[in-house]
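Working notes, beginning with the structure itself.
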Amino acid sequence: MKNQIHLNIKTPCSEDFNQFSSTAKGGFCGSCQKEVIDFTTMNTQEISAFFKNKSSNNTCGRFKSNQLKTYKQQAPKSSIRSIISGIGLACLSIFSITSAQAQDIKKVEASGNSSEINTADQQQEIEVKGTIVDENGIALPSATVILQNSTIGTTTDFDGYFEFPKKLKKGDVLLFSYVGYQTKKVVITEENTTSKINLQVGMNMDTCIIMGKVASKKVYASKRN
């Protein structure tokens, strides 16, 4: 089911928004004779709701760079479905907590500096997998994960999930990148005997204002178990 929409501006506009005549939703551009919607004042839910409407086609908009991303658009759930989903999430949470305690897996929130995963002193091969999200916790599809100083790497799926194709060892460095975002670095070290490490890496975008015709594309959410 199409429950996500990706927003992008392929050709930014060079007009000065501050010179536009004010409108209820933004400003009126005299050059193209169209209203430019000011999305910089909207939150994630408001932007998602706007593009649910079919009349949003051919929209010209003004965005912060970190607002041009993939938005989840969930359809309303029935009460029974909501209850079932709630039970499923509760079970998943319990499983996740138990699994974390049993395997001593550490979640890493990458920052501007190198993030470290601590495991044992012995050199052993480590399987690395995880999810890449933005500062709002939204998954980033097609993000790149590369082993530093090599050409070995992979990309994330629609859920932002990846499994690194090569087992790593102490001292290896993974570089996480996404268009418009700051590259993040994760250094693999060892502290225990675990052979698997799960990561959740948060990406932060440098904010700038971009204006132009909005390209909105429906995407399919992965049904990976």
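Quick note: the coordinates plus some simple rules give every number you see, no bench work behind them. All figures in this text were calculated on a predicted structure; none of them were measured in a lab. In this analysis, Cβ positions are derived from the backbone assuming ideal geometry, glycine residues included, and neighbour counts consider all displayed protein chains.
Give me, ordered by chain and number, the residues 5 or more places off F20 or on other chains with an amide H under 5 Å from its own placed amide H.
Amide H to amide H, under 5 Å and 5 or more residues apart or across chains, F20 pairs with nothing.
Work out, step by step, the length gained on full extension between T155 and K52: first 0.36 nm times the residue separation, then minus their alpha carbon distance; give nm to one decimal.
This chain segment gains 34.3 nm when fully extended.
Between S22 and Q182, how many nm apart are label points set 7 Å from Cα along the C-beta direction?
Placing both labels 7 Å beyond Cα along the Cβ direction yields 3.5 nm.
Report the local net charge at H6: Lys and Arg +1, Asp and Glu -1, summed over other residues whose C-beta lies under 9 Å from its C-beta.
Value of the local net charge: +3.
Figure the gain on full extension for E127 and T189 (residue separation times 0.36 nm, minus the Cα-Cα span) and round it to one decimal in nm.
Additional length available on full extension: 21.1 nm.
Go through K72/K217; K64/K129; K69/K184; K69/K217; K52/K217; K10/K184 and tell me which ones have a Cα-Cα distance over 21 Å in this structure.
K64/K129; K10/K184
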